[in-house]
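Enquirer: Here you go, one structure.
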């Protein structure tokens with residue numbers, strides 16, 4: 001793994017966060033006690049705790065990972081809050097505190113705290129001159145992501161979440177358009193920001209009222225840009241979202257075209273888990289339009305992949321499901337129209353069948 005620099009310290013083995021944090025804490029005891037120096041050092045320690053969460057031992061159990069995540073993030077939050085309580089900070093220090101807190105709140109799924117932190121951060125960034133427009137762009141994107149994610153939370157979703165996501169993604173888009181005037185058109189980093197924005201705008205517009213059908217144009221732009229960047233993984237993600245968009249709108253042929261392109265890329269990149277997921281999506285689509293023979297064409301490839309992935313039960317589940325749904329459809333066609341109750345029972349049974 002390549003080396004990564006954190007405030008001038010380089011390390012190749014990212015499991016040494018504990019040592020790095022201990023070094024910083026030791027420095028605190030012997031540092032020249034100027035407020036700014038101490039503040040920066042404390043925030044560096046908080047950032048190391050946050051970074052540590054992205055490199056936990058993959059051999060840990062889910063409970064152990066959750067325990068460690070909570071421990072490190074709570075430590076980072078306590079440090080930031082303690083620093084914040086010391087009055088008289090410059091705005092750039094306050095902005096940094098909020099940026100770190102927002103990262104913690106996002107990882108802990110503290111939606112309201114993360115949203116509140118973003119709004120306070122925007123106030124700080126906008127009252128400074130010159131305005132750091134790139135940081136503002138990132139905050140709008142974060143807000144869009146937060147609202148979009150919460151919109152899928154079955155317990156906490158609000159009716160306004162997707163609308164709020166669209167508003168913030170749109171504000172981010174406005175900032176990107178402003179940045180475009182001063183950015184080299186060959187700048188790959190900026191092109192990837194546009195690519196991300198295109199996908200986000202397409203996805204969110206497909207979930208709200210879109211009378212001008214802008215969603216499709218954003219998906220087209222995203223796919224073309226991914227191809228221009230020669231980024232097959234990004235292109236695969238674009239086809240995936242594009243296909244879901246067409247399927248939601250009942251445009252089956254277009255959805256199938258997107259899924260076939262996605263499958264082709266997963267095979268090229270040897271993304272076995274993603275290929276299985278995409279083939280199951282394709283089966284779902286064919287089940288909707290009752291093309292059972294097309295579903296069965298995937299069986300052998302899914303069996304081969306799930307065998308390699310040591311998850312053969314998934315193959316059994318999906319094949320059984322296709323056979324069961326096909327059988328129910330045949331029964332429905334055999335029930336006379338004069339027996340609506342019998343047909344209703346079969347449709348109810350059909351509705352109970354859920355795809356993995």
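Enquirer: Considering every residue within segment 212-220, establish whether at least one is part of a loop (DSSP other than H, G, I, E, B), surrounded by fewer than 16 Cβ atoms within 10 Å (Cβ to Cβ), out of contact with any strand residue (DSSP E or B) (no Cβ under 6 Å at 6 or more places or on another chain) and not assigned by TED's automatic domain parsing to the domain that holds residue 134.
Expert: yes
Enquirer: List the pairs whose first member sits in segment 231-248 and is at positive phi, whose second member is crowded, with 22+ Cβ neighbours inside 10 Å, and whose Cβ atoms are under 6 Å apart, counting only residues at least 6 apart or on separate chains?
Expert: Filtered contacts from segment 231-248: no entries.
Yes/no per residue for (1) assigned by TED's automatic domain parsing to the domain that holds residue 45; (2) under 25 Å from residue 205 (Cα atoms); (3) at pLDDT below 95:
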residue	(1), (2), (3)
102	no, no, no
113	no, no, no
116	no, yes, no
132	no, no, yes
136	no, yes, no
143	no, yes, no
148	no, yes, no
155	no, yes, yes
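To keep it simple, each residue is scored yes or no on (1) buried (at least 22 other Cβ atoms within 10 Å of the Cβ); (2) over 19 Å from residue 173 (Cβ atoms).
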position	(1), (2)
201	yes, no
204	yes, no
243	yes, yes
254	no, yes
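Enquirer: Farther than 22 Å from residue 249 by Cα, in the same structural domain as residue 244 (by TED's automatic domain parsing) and assigned to a helix (DSSP H, G or I), is that true of residue 204?
Expert: no
Enquirer: Could you tell me whether residue 269 is without any contact (Cβ under 8 Å) to a residue 60 or more places away in the chain, out of contact with any strand residue (DSSP E or B) (no Cβ under 6 Å at 6 or more places or on another chain) and either on the phi > 0 side of the Ramachandran plot or buried (at least 17 other Cβ atoms within 10 Å of the Cβ) (or both)?
Expert: The answer is no for residue 269.
Enquirer: Could you tell me whether segment 171-189 includes any residue that is more than 28 Å from residue 216 (Cβ to Cβ) and free of Cβ contacts under 8 Å to residues at least 40 places away in the same chain?
Expert: yes
Enquirer: Identify, from the list 122, 56, 69, 73, the residue that is in the same structural domain as residue 144 (by TED's automatic domain parsing), touching a helix residue (DSSP H, G or I) at 6+ places or on another chain (Cβ under 8 Å) and closer than 24 Å to residue 145 by Cβ.
Expert: 122
Enquirer: Here is a list: 280, 265, 325. Which entry is closer than 30 Å to residue 217 by Cα, outside the structural domain of residue 195 (by TED's automatic domain parsing) and in contact with a helix residue (DSSP H, G or I) (Cβ under 9 Å, 6 or more places away or on another chain)?
Expert: 280
The values are calculated or read from the model by the stated rules, or taken from the named source; none is laboratory data. None of the values given here were measured: they were computed from a predicted structure. When we count neighbours, we look across all protein chains shown, and the Cβ atoms used for this are built from the backbone with ideal geometry, even at glycine.
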